[in-house]
Amino acid sequence: GMPSDYVEKFSTGRLILDDDEELPFPKDVLGEELRASLKRYFAACETVAGRIAELLALALDLPRDFFATRTNTSNDSLRSHLYPGVAPEFLNDQGMGQHTDGTLITLLTQDGPGLQLQDRSGRWLDIDVRERDSFIVNIGDLMARWSNDEYVSTPHRVRLADRRRQSLVFFKLANDDTVIECFPKFAADRPAKYEPIRYEDYSLQKMNLLFGREDAQ
């Protein structure tokens, strides 16, 4: 079988924006500070993702708020990934296996090397951003479906390095009732590769594939 990912994950979703929501944070100063920091960061990511989505809409000759109205209640998530530093003989081991994200876009910040992106010719490129205050923006499967693969999802993976790596990843999704269907301009001279699908159904399909339940009803 496939090797397992070697990563520690901590996930938070839109509920972090509501201070009255009961969430499993420690009831101490550290817990309160962590919750407040994650809330600020989550809200800031929503803003950045919203601006990028607006720019994409303009580039696609769509109304400026095209994505805004289809992603304003999406179950976006913010995930902290911690990869251990490993001994030299384990350097090429898998921190996280090759995949594309089932998102509109993904925003990623990191504090060290390990992330690799695959270009269109199939080569793996090492992505190490010197500044911590830089976002790596990946296009996800929703954008690929919407644009008939004019905008391609970015395949990526993480290799373990000789020092630990922390990344913060924000996944911008779509509203459950949003229909993901090919923009007319990308089906004018070639057939649409993907059937229209509600995001909720798409998300379920992706989950089933991920957990090996293709036959699950």
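Are there any pairs with C-beta distances below 9 angstrom linking a residue in region 171-191 that is among the hydroxyl-bearing types (Ser, Thr, Tyr) to a residue that is part of a loop (DSSP other than H, G, I, E, B), with the two at least 6 apart or on different chains, and if so which? Filtered contacts from region 171-191: 178/74. Within region 19-37, residues that are more than 20 Å from residue 168 (Cα to Cα) have Cβ atoms under 7 Å from residues that are of a type in the set (Val, Ile, Thr) and open to solvent by 100 Å² or more (accessible area, probe 1.4 Å) in no pair, counting only partners at least 6 apart in sequence or on another chain.
Within the bounds of region 137-149, is there any residue that is open to solvent by 70 Å² or more (accessible area, probe 1.4 Å), of a type outside the set (A, V, I, L, M, F, W, C) and either under 23 Å from residue 70 (Cβ atoms) or touching a Phe, Trp or Tyr at 6+ places or on another chain (Cβ under 9 Å) (or both)? No, that holds for no residue. For region 173-186, taking the residues that are outside any loop (DSSP other than H, G, I, E, B) and at pLDDT below 95, the one that is surrounded by the most Cβ atoms within 10 Å (Cβ to Cβ) is identified as 186. Search region 3-34 for residues being assigned to a helix (DSSP H, G or I) and out of contact with any strand residue (DSSP E or B) (no Cβ under 9 Å at 6 or more places or on another chain), and hand back the single one that is least open to solvent (accessible area, probe 1.4 Å). Among those that are assigned to a helix (DSSP H, G or I) and out of contact with any strand residue (DSSP E or B) (no Cβ under 9 Å at 6 or more places or on another chain), it is 31. Apart from one condition, residue 74 fits all of (1) within 20 Å of the chain's Cα centre (by Cα); (2) under 21 Å from residue 5 (Cβ atoms); (3) of a type in the set (Gly, Ala, Ser); the exception is (2). In region 192-217, the qualifying residues are those that are touching a residue at least 40 places away in the same chain (Cβ under 8 Å) and part of a loop (DSSP other than H, G, I, E, B), and the one that is least open to solvent (accessible area, probe 1.4 Å) is 192. Looking only at region 105-128, decide whether some residue is modelled with pLDDT under 95, under 17 Å from residue 81 (Cα atoms) and either of a type in the set (Phe, Trp, Tyr) or open to solvent by 60 Å² or more (accessible area, probe 1.4 Å) (or both). Checked region 105-128: at least one residue is modelled with pLDDT under 95, under 17 Å from residue 81 (Cα atoms) and either of a type in the set (Phe, Trp, Tyr) or open to solvent by 60 Å² or more (accessible area, probe 1.4 Å) (or both). Residue 189: modelled with pLDDT of 95 or more and open to solvent by 50 Å² or more (accessible area, probe 1.4 Å), yes or no? So residue 189 fails the test. Scan region 155-170 and tell me whether some residue there is touching a Cys at 6+ places or on another chain (Cβ under 6 Å) and among the aromatic types (Phe, Trp, Tyr). Yes: one or more hits. Scanning region 63-90 for residues that are open to solvent by 60 Å² or more (accessible area, probe 1.4 Å) and either among the aliphatic types (A, V, I, L, M) or assigned to a helix (DSSP H, G or I) (or both) gives 69, 70, 88, 89, 90. Could you tell me which residue of region 91-131 is farthest from residue 172 (Cα to Cα), considering only residues that are part of a loop (DSSP other than H, G, I, E, B) and either hydrophobic (A, V, I, L, M, F, W, C) or touching a Pro at 6+ places or on another chain (Cβ under 7 Å) (or both)? The qualifying residue farthest from residue 172 (Cα to Cα) is 91.
Whether any residue in region 156-172 is in a loop (DSSP other than H, G, I, E, B), under 26 Å from residue 122 (Cα atoms) and open to solvent by less than 30 Å² (accessible area, probe 1.4 Å) is what I want to check. Yes: region 156-172 contains one or more residues that are in a loop (DSSP other than H, G, I, E, B), under 26 Å from residue 122 (Cα atoms) and open to solvent by less than 30 Å² (accessible area, probe 1.4 Å).
The values are calculated or read from the model by the stated rules, or taken from the named source; none is laboratory data. Not measured: the values here are computed from a predicted model. Neighbour counts are summed over all protein chains in view; Cβ atoms, including those assigned to glycine, are modelled from backbone coordinates with ideal geometry. The protein model used for the area step is the full one, side chains on, heavy atoms only, and it has no ligands, DNA or RNA in it. Shrake-Rupley method; radii C 1.70, N 1.55, O 1.52, S 1.80 Å.
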